[in-house]
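Okay, so here's the structure we're looking at.
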Amino acid sequence: MTALQLEKIDKYFGKTKAVDGVSLEVQENEMFFLLGTSGCGKTTTLRMIAGLEQVDGGAIRIKGRDVTRLTPQKRQIALVFQNWALFPHKTIRDNIGFGLKMQKQPKTDIDAQVENMLQVVGLPGFEDRLPGQLSGGQQQRVALARALVLNPNLLLLDEPLSNLDLNTRLRMRSELVEVHRRLGLTTIFVTHDQTEALAMADRIALMEDGKLLEVGTPHEIYESPHTEFTARFIGEKNSLQGTVSAVSDTEQQVRFNEDSYLSVPVSSKHPVQEGDRVTVFINAEKIRFFKADADTGGDNYFQGTVENIMYLGTSNKYSVKLQTGETIVHDQQTTQDAPKYEKGDRLQVHLDPAHCICIKEKQ
Amino acid sequence: MLKQKIADLLEKSTAYNRYFLLAPPLLFIAAFFIIPIFWMIRISFYPGGSFEYEPGFTLQHYLRFFLDPYYLGTALYTLKITMLVTPFVIVFSYAVSYLIATSTGKKGAIYLMLIVTPLFTTEVVRALGFKIFLAKHGIINTILLATGLFDEPLQLIYNDFAIVVALIHSIIPYACLVLIGVLVGIDKSYLEAAKTMGAGRIKTFWHVTLPLSIPGLSGALVVSIIWCLSIYSIPEFLGSGAKYTMTMLIEEQILSVFNWPFADAVAAILVFLTVVGLAVSFKFSEKKEFK
Ligand SMILES: Nc1ncnc2c1ncn2[C@@H]1O[C@H](COP(=O)(O)OP(=O)(O)OP(=O)(O)O)[C@@H](O)[C@H]1O
Ligand SMILES: [Mg+2]
């Protein structure tokens, strides 16, 4: 059963179209991510799902029920705000119990559920504190508890981790995934952080400029993006521009200049014709280096010169100028047996055709 | 921008620099407020009476104030006016501020203009305005007679009613300025959070907006108390003349009777009452300040 269905929803703020015909379906118990750059309309989409903004077109269904015109109170959703919005004047107990109190549940029931929820998020005994007396990570958990205690149809999270320091953020990621796995709650998670999305999502929807570009599993989005925007946005990809010089049933040849070209398998996702200008994308970690004098031969090897090396701890980031005139970057793990190159070294670069994505340029 | 710069400057400055920067206003306050008040308190202990007093120490002026029912009555009358006016000020200014803080676009700005405009006139002008407004053949009475509900004009002026109405009217703009700031500052996401958790408008107001506006309410309380205790022109122009507020008593003692030590003693008591009023309101708001 689909937990949430958006049908061509639109939102205007004055003349700007913040959300433009977004349609998507989220399955029961899914951890679904809305990913995109700042200002692309993620928050607006989430707020429309919550009912805090009215749609200007389209329909929203939660568990099959049309909620397009319902107020937030009637949608049985829970929203965790980016700033968590814990009531500063209420204790943790009253914050978490607020929704239950609105449902007129008896006080003893509320207290029991609050206590239970604080166990779930790992903050037992914090009932009587005020939000201002908690750390950021603890406040985040209280906000989560306040949402979970209502047992909502949908849990909506708007960049809930972006106010935390890196370590806490990483810990909260796995805790959120763990809580989600245990409670099995349909969750919509908004973020602009692609590593967060790749690490946590069942599926990711990528948004740009109010539009939904594509939906897929983290693997699909990362390895075989549909659109050029996704290819550029996700991961650290190298892009090389060339022209399709030959197309066969299985292979297509992309020529960069007189004496360098690349053979990549034909992709049904991205059909091209001879003469098309294309961009070839390949992830930085998918490139391989060989010594300049190594006897490699064959297709898809390029001569290059190391221009710059950046030490990143777990990897070295090499910038290499290719014979085609373009510069590519490659992340090489700093393991013991990895060969080391110095600035100015000449080497051969292998672009594995299986990992090359060849997308036709827009006219 | 400028505010930010000053804040940065203060942040960076050492303690020494900070006092250096604060010196001009501190000196100003010391010269024109603190020293005169201590001077006044000193004179209130000098023996003497009308036209004459000499250095010394006596409690005679204070005893006179507290033992004479007439003088003590001015204090009680002042407090009575304060207690009549303040609840109305709080309720009215809260309602108006809430309207302004929640109205969108140009409407809010227009309401705010309407609230602030009376502040362009002085207290005396406003008191005289009320004199015309509430007079026997003033606007209010003309309207009331025209409706046929009354056969003869009501006595709306030269009584407590006139004082209370004019005071409420005078204080509301100041109380509003305090309250609007606090109400506008309440993060919308608190209200939205309450909504998503099933609270309707009234419950959201009661559980979220109202408690979060307590700092503003106590500010309005302070404003109201200070005004009620210290205002002179309104009771002077609109009162019956039979009952004196403390400010009127002070004026009379200084300008008509020339009993400066006694006037100073009354003024010192008034300052003391004001301080107590402020302390109580701060105490009230202290527990309700949130981070
Ligand atoms: N209340 C509003 N009034 C006018 N314009 C708005 C309003 N809210 C959002 N917008 C505009 O709509 C667009 C989408 O905003 P939205 O907040 O949804 O972006 P976002 O994807 O959440 O960005 P971020 O990652 O920065 O939070 C932006 O161009 C923004 O300026
Ligand atoms: Mg946002």
Quiz item: With axes computed from alpha carbons, what is the tilt in degrees of helix A:136-148 against the longest principal axis of chain A, rounded to the nearest 10 within 0 to 90?
Solution: 70 degrees
Quiz prompt | In nm, spacing of pseudo-spin labels at B:L119 and B:F284 (7 Å Cα→C-beta vector) | solution = 2.2 nm
Quiz prompt | Where labels lie 7 Å past Cα in the beta-carbon direction, separation of A:I309 and B:Y62 in nm | solution = 8.5 nm
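Pick out the long, greasy-scoring helices in chain B: whole DSSP H runs spanning 18 Å or more along their own axis by Cα, mean Kyte-Doolittle at least -0.5. Write down the numbers at each step before the final one.
Values: long enough: B:15-29 (20 Å, 1.01); B:69-102 (49 Å, 1.27); B:160-185 (37 Å, 2.24); B:214-230 (24 Å, 1.88); B:260-286 (38 Å, 1.52).
For chain B, where a helix must reach 18 Å along its axis and average at least -0.5, the hits are B:15-29, B:69-102, B:160-185, B:214-230, B:260-286.
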Quiz prompt | Average accessible surface area per residue within the protein assembly as shown, 1.4 Å rolling probe, Å² | solution = 52 Å²
Quiz item: When the accessible area of the range A:257-363 is computed with all protein chains present and a 1.4 Å probe, what percentage of it is carbon and sulfur?
Solution: 47 percent
Self-check item: Extended-chain gain in nm, criterion 0.36 nm per residue less alpha-carbon gap, A:Q336 and A:N257
Solution: 24.8 nm
Quiz item: How big is the A-B contact in terms of buried accessible area, both chains counted, 1.4 Å probe, rounded to the nearest 100 Å²?
Solution: 1900 Å²
Practice problem: May I ask you to evaluate 6.51 cos²θ - 1.76 cosθ + 1.60, the Karplus curve with θ = phi - 60°, for each residue of the range A:341-353 and list the ³J(HN,Hα) values in order in whole Hz, giving x for glycine and proline? | Solution: 10, 9, 4, x, 4, 8, 8, 10, 10, 9, 9, 5, x
Quiz prompt | Rounded Å value of the spacing that divides the Cα centres of the range A:260-316 and the range A:184-200 | solution = 31 Å
Practice problem: Note every residue of the range A:37-55 with a reduction of at least 10 square angstrom in accessible area, all protein chains present versus the isolated chain, computed with a 1.4 Å probe, or write none. | Solution: A:R47, A:L52
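Hey, what's the per residue convex hull volume over the C-alpha atoms of the protein assembly as shown, in cubic angstrom? Numbers along the way, then the final one.
Values: hull volume 176.6 nm³, N = 654.
Taking the convex hull of the Cα positions in the protein assembly as shown, it is 270 Å³ per residue.
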Exercise. Return the aspartates and glutamates within reach of A:K291: Cα separation strictly under 13 angstrom, same-chain partners fewer than 8 residues apart disregarded; answer none if there are no such residues.
Key: A:E342, A:D345
Quiz item: Where Lys and Arg each count +1 and Asp and Glu each count -1, what net charge lies around A:K17 among other residues with Cβ under 12 Å from its Cβ?
Solution: -1
Quiz item: Cα gyration tensor of the range B:45-290, axes a ≥ b ≥ c as square roots of the eigenvalues: rounded (a/c below 1.5), prolate (a/b > b/c) or oblate?
Solution: oblate
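Please go through the range B:208-241 and write out the chymotrypsin sites (Phe, Trp or Tyr not before Pro) that DSSP classes as loop and that have at most 13 other C-beta atoms within 10 Å. Can you show the working numbers first?
Values: sites: B:W227, B:Y232, B:F237; in loops: B:Y232.
Answer in residue order: no site qualifies.
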Quiz prompt | Rounded percent of accessible protein surface that carbon and sulfur make up, the range A:2-228, 1.4 Å probe | solution = 47 percent
Exercise. State, to one decimal in nm, how far the label point of A:D202 lies from the label point of B:L255, with both points 7 Å from Cα in the Cβ direction.
Key: 8.1 nm
Exercise. When a/c is below 1.5 the answer is rounded, else prolate if a/b is larger than b/c, else oblate, so apply that to chain A with a ≥ b ≥ c taken from the square roots of the Cα gyration tensor eigenvalues.
Key: prolate
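Pop out the carbon and sulfur fraction of the accessible area of chain B as a percent, whole number, probe 1.4 Å. Present the calculation step by step, with values, prior to reporting the outcome.
Values: 12560 of 17000 Å².
Summing carbon and sulfur atoms, their accessible area is 74 percent of the total for chain B.
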Quiz item: Among A:Q336, A:Q138, A:Q54, which one shows the biggest mean-square fluctuation in a GNM of chain A, springs joining Cα atoms closer than 10 Å?
Solution: A:Q336
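For the protein assembly as shown, what does the helix formula give at 222 nm: sum of -39500 (n - 2.57) over DSSP H segments with n ≥ 4, over the residue count, nearest 500 deg cm²/dmol?
Values: 23 runs with 292 residues, N = 654.
About -14000 deg cm²/dmol.
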Exercise. Filter the GluC sites (Glu not before Pro) in the range A:1-90 down to the DSSP loop ones having no more than 14 other Cβ atoms within 10 Å, then list what survives.
Key: A:E28
Quiz item: On a 0 to 90 degree scale, rounded to 10, what angle separates helix A:166-183 from the longest Cα axis of chain A?
Solution: 70 degrees
Quiz item: If amide H atoms are built 1.01 Å from N in the plane of the peptide, which residues on other chains or at least 5 residues away come under 5 Å of the amide H of A:S245?
Solution: A:Q253, A:V254, A:R255, A:G275
Quiz item: Once the range A:236-360 is represented by equal point scatterers at the alpha-carbon sites, with solvent omitted, what log10 I(q)/I(0) does the Debye formula produce at q = 0.12 Å⁻¹?
Solution: -0.44
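For chain A, which longest stretch is free of loop sites, where a loop site is one of the trypsin sites (Lys or Arg not before Pro) that DSSP puts outside H, G, I, E and B and that has at most 12 other Cβ atoms within 10 Å?
Details: sites that count: A:K15, A:R69, A:K104, A:K269, A:K340, A:K343, A:K362.
Result, exposed sites excluded: A:105-268.
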Quiz item: Among all the lysines, which ones have a C-alpha under 27 Å from A:K101's C-alpha, if same-chain residues fewer than 8 places away are not counted?
Solution: A:K63, A:K74, A:K90, B:K188, B:K195, B:K203, B:K287, B:K288, B:K291
Practice problem: Output the residues of the range A:69-84 meeting this criterion: accessible area (heavy atoms, 1.4 Å probe) in the chain alone minus accessible area with all protein chains in place is 30 Å² or greater. | Solution: A:P72, A:Q73, A:F81, A:N83
Exercise. Would you mind pulling out the separation of the Cα centroids of the range B:65-118 and the range B:235-261, in Å?
Key: 23 Å
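The values are calculated or read from the model by the stated rules, or taken from the named source; none is laboratory data. The structure displayed is predicted, hence computed values, not measured ones. Glycine gets a Cβ as well: all are built from the backbone with ideal geometry, and neighbour counts include every protein chain shown. With ligands, DNA and RNA removed, areas are computed over all heavy atoms of the protein, side chains included. Shrake-Rupley method; radii C 1.70, N 1.55, O 1.52, S 1.80 Å.
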